[in-house]
Structure formats: structure tokens, C-alpha cells
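Colleague: Let me give you the structure first, and then I'll get to my questions.
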Amino acid sequence: MSSSYDESYCLWDVTSGDLLAQWPTQNTTYLALAIHPNGTIMAAGGRDSVTRLVEIASGRVIEELHGHQRTVESISLCPIATGDPATDAQMLVTAGHDETIKLWALPVAGASPDTTTCLATLRAPGPYAGMNISGATGISEAQKAALKALGAVEE
């Protein structure tokens, strides 16, 4: 699989180098791709902040995952072995330009679509995390807003 800035993604035969299929990306550019171990589904993260689960054979979008506020830049699929193949699952991990990492539980085989759940959102503390700027003088409202975006608080 590959994606490009022409708003398409492609399926390739890596042995021959032949292009097997090409699909549009729903008016975005996918910057991150990961293929499910079963080879039938791909996770694609876009510049539009949406992660899409795509059926590889047809290019059809199965599900859209909304949660990031900016570009999805990295994706990984991690198996979760339960000891029972009927309940083995996959964890989808997405990282975005919004400085968050999201952990998604993909449905087990046979489950209906639209059942992917965001389990957690992780975010590293900002460089001014917890700094109390109450009563600070000599800074503008815009500067206060910027400090708060970097983790400062006003109590």
C-alpha cells in the first residue's frame, strides 16, 4: 500500500512492482497507513484528522474514526491475544499533529462495523504544565492563552 499527495492510495504487487488497484482518499491525503494482519483491512490516517478503516479488496471505507483535532501522522496495529481466536482483537494506535496518541479497540472478527472504540487519549504534559500564572503581570491576554495551551493554569 502507498499513498500520495494526489489524494489517492494504491495497492501494489511487491514482487512484480505492478499497480493492482488505485482509489481516491475522500478528498484528503493519507500520511499514515497500516495493514491489518489478516490482510483485508487497512487503517489510513489523513490530513483531515480522520482515521479510516478501509477494505483493501474494494477500497471501500468501512468506518471513520474521529478524535484527533489535526493531521493523523502515525498508525500502528497491535494484536491482542486472548487465548481464544474467536475473541482475539486488535489495538489501533494513532498519533496526531494535535500532540495526542489515541488507543482504539477494533472489533473482533464478525462484529458489526462502527464498533471501534477509543479507549484512551494520551498527551504529554506541556512545558509549562501546572505553572500558576494567576496574578502574572506584564503579559498580554494572547500570551496568557499561549501559556495555557502549553500547560499553564490560572487558579
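The values are calculated or read from the model by the stated rules, or taken from the named source; none is laboratory data. The model shown is predicted, which means the values in this text are computed figures rather than measured ones. Backbone-built Cβ (ideal geometry, glycine too); neighbour counts: all protein chains shown. Remember, those area values only see protein heavy atoms, side chains included, never the ligands or the DNA or RNA. Shrake-Rupley method; radii C 1.70, N 1.55, O 1.52, S 1.80 Å.
Colleague: What do you reckon, how do 54, 153, 14 stack up by accessible area (1.4 Å probe), largest on top?
Modeller: 14, 153, 54
Colleague: For residue 119 and residue 60, what is the calculated FRET efficiency with R₀ set at 30 Å and r taken between the beta-carbons, to the nearest 0.05?
Modeller: So the FRET efficiency works out to roughly 0.75.
Colleague: What's the longest uninterrupted piece of the chain once you rule out the trypsin sites (Lys or Arg not before Pro) that are loop residues per DSSP with at most 13 other Cβ within 10 Å?
Modeller: 1-59
Colleague: Express in whole angstrom the spacing between the alpha-carbon centres of the range 136-151 and the range 21-60.
Modeller: That distance is 39 Å.
Colleague: Sticking with this one: Got a sec? Which residues in the range 40-58 would a label at residue 7 touch, if it sits 7 Å along Cα→Cβ and we count backbone N under 13 Å?
Modeller: 47-48
Colleague: With a 1.4 Å probe and all protein chains in place, put 122, 20, 147 in order of accessible area, largest first.
Modeller: Result of the area sort, largest leading: 20, 122, 147.
Colleague: Calculate, in nm to one decimal, what residue 153 and residue 20 gain on full extension: separation in residues at 0.36 nm each, minus their alpha carbon distance.
Modeller: 42.6 nm is the gain from fully extending residue 153 to residue 20.
Colleague: Remind me, relative contact order of the chain in percent, using alpha carbon pairs under 8 angstrom and six or more residues apart?
Modeller: Dividing the mean separation by the residue count of the chain yields 12 percent.
Colleague: Can you sort 19, 65 by solvent-accessible area, 1.4 Å probe, largest first?
Modeller: Final ranking, largest accessible area leading: 19, 65.
Colleague: Over the chain, with the other protein chains present, what is the accessible area per residue in square angstrom, probe 1.4 angstrom?
Modeller: Computed with neighbouring chains in place, this is 57 Å² per residue.
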